[in-house]
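No lab work stands behind these numbers, since they all come straight from the coordinates. Keep in mind the model is a prediction, meaning the values are calculated, not measured. Note that each Cβ is placed from the backbone with ideal geometry, even for glycine, and that neighbours are counted across all protein chains shown.
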Amino acid sequence: MNTSTAVALLTTAGAEALVTAAQQAAEAAGVAVSVTVLDAGGHLLAFRRDDRAVLISGETSTRKAYTALQLNAPTAHLVDAVQPGELFHTLPTALDRPLLFIPGGVPVQRGGRPIGAIGVGGGTPEQDHSFATAAVDALA
């Protein structure tokens, strides 16, 4: 008998709500950002780049979301782990994956399980983390 509890997936509507919440937080701070939302499989669910955001923010938001999803942790919590001599020091170059260990990526969980991730790029690392976190908190 299967006793596992089904966890509702992150929907396109949920992904759009995350994007909107992150962009609203960024706008309130006067920051132009890009926001990426991935599903649990790492597939793109939603993306939006403010017209004023730097172009590279699209790439960084996506990589931050991917990193948060793959390691099931906010990228802000992983920065120290990739420093010389630390546990994940070689991880950014050891894998042919788009990992980025800069704050701004946050996993989205439901029932304690990852259902996706959000990445924000365009502000300072601390701002990006706060915008992503605000979006996840708003979805809950």
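Below, the figures for the structure above:
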| read-out | value |
| --- | --- |
| Residue in segment 121-140 that is nearest to Ala40 (Cα to Cα), counting only those that are part of a helix (DSSP H, G or I) and of a type in the set (Val, Ile, Thr) | Val136 |
| Residues of segment 50-67 that turn out to be free of Cβ contacts under 8 Å to residues at least 60 places away in the same chain and under 17 Å from His129 (Cα atoms), as a count | 5 |
| Selection count, segment 32-45, where residues are surrounded by 21 or more Cβ atoms within 10 Å (Cβ to Cβ) and over 22 Å from Gly112 (Cα atoms) | 3 |
| Test for Asp137: is it of a type in the set (Asp, Glu) and out of contact with any Pro (no Cβ under 7 Å at 6 or more places or on another chain) | yes |
| Selection from segment 29-48 of residues that are in contact (Cβ under 8 Å) with a residue 60 or more places away in the chain and among the charged types (D, E, K, R) | Asp39 |
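Residue-wise test of (1) of a type outside the set (A, V, I, L, M, F, W, C); (2) surrounded by 19 or more Cβ atoms within 10 Å (Cβ to Cβ).
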{"position": "Phe47", "(1), (2)": "no, no"}
{"position": "Thr62", "(1), (2)": "yes, yes"}
{"position": "Pro74", "(1), (2)": "yes, yes"}
{"position": "Gly85", "(1), (2)": "yes, no"}
{"position": "Leu100", "(1), (2)": "no, yes"}
{"position": "Val106", "(1), (2)": "no, yes"}
{"position": "Gly122", "(1), (2)": "yes, yes"}
